[in-house]
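Encoded as structure tokens, the structure appears first; notes follow it.
The values are calculated or read from the model by the stated rules, or taken from the named source; none is laboratory data. These numbers were taken from a predicted model, which means no experiment stands behind them. Note: ideal-geometry Cβ built from the backbone for every residue, glycine included; neighbour counts use all protein chains shown. For accessibility, only protein heavy atoms count, side chains too; no ligands or nucleic acids. Shrake-Rupley method; radii C 1.70, N 1.55, O 1.52, S 1.80 Å.
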Amino acid sequence: MAYATVADVETKWRPLPSSIEQNRATALLDEAEALLNVEIPSLAANIAAGVVSAVLARKVVTDAVIRVLANP
């Protein structure tokens, strides 16, 4: 289950027109999601059960990715 997509990052930040930027965002999304799953192993199950909002997981992941992408 992906918590966020490149389209989510683009919606919150800016379009990522090049494939290089899109590939980097995809890799960062994967890494952020993996870190979140390590910190909160039950997160995916809690989202599926409606205990945790999927919107909050998307926010955490996209905010982390945008922070890295925006860093010169």
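With a Förster radius of 25 Å applied to the C-beta separation of Ile40 and Ile20, the computed FRET efficiency comes to 0.20. Extension gain, Ala54 to Ala70: 0.36 nm times the residue separation minus the Cα-Cα distance gives 3.4 nm. Once mean projected area of the Cα convex hull in nm² is calculated for the structure shown, the corresponding label among (i) 4.6; (ii) 3.9; (iii) 5.2 turns out to be (i). Considering only protein heavy atoms and a probe of 1.4 Å, how much of the accessible area of the chain is carbon and sulfur, as a whole percent? Looking at the chain in its full context, I get 61 percent from C and S.
Comparing Thr11, Thr26, Thr62 in a Gaussian network model of the chain (Cα springs below 10 Å), the most mobile by mean-square fluctuation is Thr11.
The residues neighbouring Val65, those whose beta-carbon lies less than 14 Å from its own, together hold a net charge of -1 under the Lys/Arg +1, Asp/Glu -1 convention. Each Lys and Arg contributes +1 and each Asp and Glu -1, all at the Cβ; summed about the Cα centre of the chain, the dipole is approximately 200 debye.
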